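Heads up, the thing below is written out as structure tokens.
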């Protein structure tokens, strides 16, 4: 696959066996594929099928590969992002707002952004000086003091959008 089309394949679940002294006859693996470009999904799925089939046959077995619940990449609308960034700077202070490079996050929000301009932003929830893990990590602990600023940020973004919603409308 092209190194210019980034993607991530994470195996996050392995289920096999029920007893320590019995070799299991099946194993189920699960995980996610994260990409920025939908064509990479098909390439990744094809390569996974080929590799899994080769490993299974090489061990004298067989394998089935099933892909379910694919979420499209979350893509911010650039016009809307530029319009809303000053709103977030007013709410949180300009030193607390930064543009991030694309991340391989997955969220149902991606479906909304396919039919209307979308603007996905993060609200810092880690208390300064702590070492809590990132969200979805086993050691993640949210800092509830982020709730008021998050609520205000979302409210102000919505109010700004409602002042002139047609400004960001684009044909999809």
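Considering only residues of region 127-168 that are within 24 Å of residue 71 (Cα to Cα) and part of a loop (DSSP other than H, G, I, E, B), which is modelled with the lowest pLDDT?
133
Within the bounds of region 82-92, is there any residue that is part of a loop (DSSP other than H, G, I, E, B) and within 30 Å of residue 164 (Cα to Cα)?
no
On the given criteria, is residue 48 touching a strand residue (DSSP E or B) at 6+ places or on another chain (Cβ under 8 Å), within 28 Å of residue 136 (Cα to Cα) and part of a helix (DSSP H, G or I)?
The answer is yes for residue 48.
What's the total number of residues in region 101-115 that are farther than 18 Å from residue 154 by Cα and in a loop (DSSP other than H, G, I, E, B)?
8
Check region 86-95 and report whether any residue there is surrounded by 11 or more Cβ atoms within 10 Å (Cβ to Cβ), at pLDDT 90 or above, over 26 Å from residue 12 (Cα atoms) and under 21 Å from the mean Cα position of the chain (by Cα).
Taking every residue of region 86-95 in turn, none turns out to be surrounded by 11 or more Cβ atoms within 10 Å (Cβ to Cβ), at pLDDT 90 or above, over 26 Å from residue 12 (Cα atoms) and under 21 Å from the mean Cα position of the chain (by Cα).
If I filter region 24-36 for residues that are in the same structural domain as residue 121 (by TED's automatic domain parsing), at pLDDT 85 or above, out of contact with any helix residue (DSSP H, G or I) (no Cβ under 8 Å at 6 or more places or on another chain) and not in a helix (DSSP H, G or I), do I get at least one hit?
No, region 24-36 has no match at all.
Which members of region 40-75 meet the condition of being under 21 Å from residue 115 (Cα atoms) and surrounded by 11 or more Cβ atoms within 10 Å (Cβ to Cβ)?
Across region 40-75, the qualifying residues are 41, 70, 71, 72, 73, 74, 75.
From 103, 11, grab the single residue that is in the same structural domain as residue 136 (by TED's automatic domain parsing), exposed (fewer than 14 other Cβ atoms within 10 Å of the Cβ) and out of contact with any helix residue (DSSP H, G or I) (no Cβ under 7 Å at 6 or more places or on another chain).
103
Name the one entry in 118, 124 that is in a loop (DSSP other than H, G, I, E, B), over 21 Å from residue 36 (Cβ atoms) and touching a residue at least 12 places away in the same chain (Cβ under 8 Å).
124
Could you list, in sequence order, the residues of region 138-159 that are exposed (fewer than 11 other Cβ atoms within 10 Å of the Cβ) and more than 19 Å from residue 83 (Cα to Cα)?
Within region 138-159, 138, 139, 144, 145, 148 meet the criteria.
Can you say whether residue 18 is outside the structural domain of residue 106 (by TED's automatic domain parsing) and either touching a helix residue (DSSP H, G or I) at 6+ places or on another chain (Cβ under 6 Å) or closer than 20 Å to residue 75 by Cβ (or both), as far as the supplied structure shows?
So residue 18 fails the test.
The values are calculated or read from the model by the stated rules, or taken from the named source; none is laboratory data. All of these numbers come straight from a predicted model, not from anything done at the bench. Here Cβ is always computed from backbone atoms with ideal geometry, including for glycine, and neighbour counts include all displayed protein chains.
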